[in-house]
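See structure below.
What follows is calculated from the coordinates using simple rules that are stated; it is not laboratory data. Keep in mind that what you see is a predicted model, and the values were worked out from it rather than measured. Counting neighbours? That spans all protein chains shown, and the Cβs are built from the backbone with ideal geometry, glycine included.
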Amino acid sequence: MQLQNDLLLRAAKGEAVERTPVWLMRQAGRILPEYRAVRDSVSGFIELAQTPELAAEVTIQPVDLLGVDAAIIVSDILVIPEAMGLPYEMVEKRGPFFPNTVRSESDLKKLRVADGANDLSYVMKAIEITKKNLAGRVPLIGFAGAPWTIFAYMIEGSGSKTFSKAREMLYTQPKFSHQLLQMITDSTINYLKAQINSGADLVQIFDSWAGILGPKQYAEFSYPYISQVCDAIIEVPKTVFAKGAFFAREEMGLLNCETIGLDWNMGIAESRRLIGTTKTLQGNLDPAALYGNPDQVRQATIEMMNQFKGMRHIANLGHGVYPDIDPAMVKVFIETVKNYQ
Ligand code: 1CP
């Protein structure tokens, strides 16, 4: 189906656009009362994500209610460990929890490389339904976690401020770490390819925990695996968002992808200098700016847009929108980008 609004895809490829496209990381699941109503009609997030009709419904909500230029499929990065044989639970208000973790080479024998299309058929169905119901209004973004970020959850067993057990493994069991990272990478490639086959128009790789690694560790344990994923996916444009990896921006410019996501700690002019002109930059308003009043949100958005002026750009926040942000302020952000001259 022909897309009526393909601003996101053209901006990603560096083609001419009438205006800057805008969407928000975590736009679907966090801020909308309409999302919570659907989630509360089932046992929780996991059942919602595994019910394709409902996942499609909440995926489209931000397009209808907020006016974003893209939808992102409602699933989670943690479906990959599950498909590899390590199931997760979602604990209300606390986040993900893995009853089992992976700590040794013998644990690896209990895991498999996920094939994507079969292991995660509910995501594929949700994508198909979403594409049909979007009817070409905006592109659909597929996504996966970066191998390092997925590794961190599989080792740690839950969220963590430091992921110290995961980082410990990199020092004490580098061979095991590389084996697990390779299994995750192969699973992720299968998964993203299946999403694209089902209809995803662009894919984003979230390296949410990039910033807890030092440059040397990042270069050994994260970047090469992201690079493998980028090299393997040739069907659609790719975005890499490595939160906190300010030290790796120059190398990011060499990835086989179209767009690099910036967090709000990364200076815009400096990032452009380091990354070069062959990539689109995505971001990077501080999510906390949306706590302001409408004038303050407008002002902060215009300041961001001014700094990106004349560059290949997709407007977004510097990380996911915070759960307690007023959707009205999200709308002010979106409208300000759309009206920006
Ligand atoms: O109670 C609920 O409704 C569950 C909340 C929820 C939702 C809606 C979680 C728990 N995940 C999601 C969906 C989700 N996760 C999407 C879909 C689109 C959207 O929400 O708009 C996406 C893209 C993600 C990606 C994701 N999950 C990331 C990467 C992006 C980021 O924010 O850095 C990460 C790190 C996760 C793990 C995760 N899932 C959920 C939580 C609370 C967390 C974070 C846990 C932690 O702090 O470690």
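Annotations
- Theoretical ellipticity at 222 nm over the chain - DSSP helices of four or more residues, -39500 (n - 2.57) apiece, nearest 500: -13500 deg cm²/dmol
- Counting only DSSP beta bridges whose two residues both lie in the chain, roughly 15 percent are antiparallel.
- Set K161/K243; K93/K331; K109/K165 screened for pairs whose C-alpha atoms are more than 22 Å apart: K93/K331
- Result for the chain in a Gaussian network model with C-alpha springs under 10 Å: among P52, P323, P237, the largest mean-square fluctuation is at P323.
- Rounded if a/c under 1.5, otherwise prolate or oblate - the range 1-129, Cα gyration tensor axes: prolate
- Placing +1 on the Cβ of every Lys and Arg and -1 on the Cβ of every Asp and Glu, with no other charges, gives the range 1-138 a dipole of roughly 240 debye about its Cα centre.
- Separation of the range 225-268 from the range 55-84 is 21 Å, based on Cα centroids.
- GNM top mover of T101, T280, T239 - the chain, alpha-carbon springs below 10 Å: T101
- Each Lys and Arg adds +1 at its Cβ and each Asp and Glu adds -1 at its Cβ; summed about the Cα centre, the chain shows a dipole of about 460 debye.
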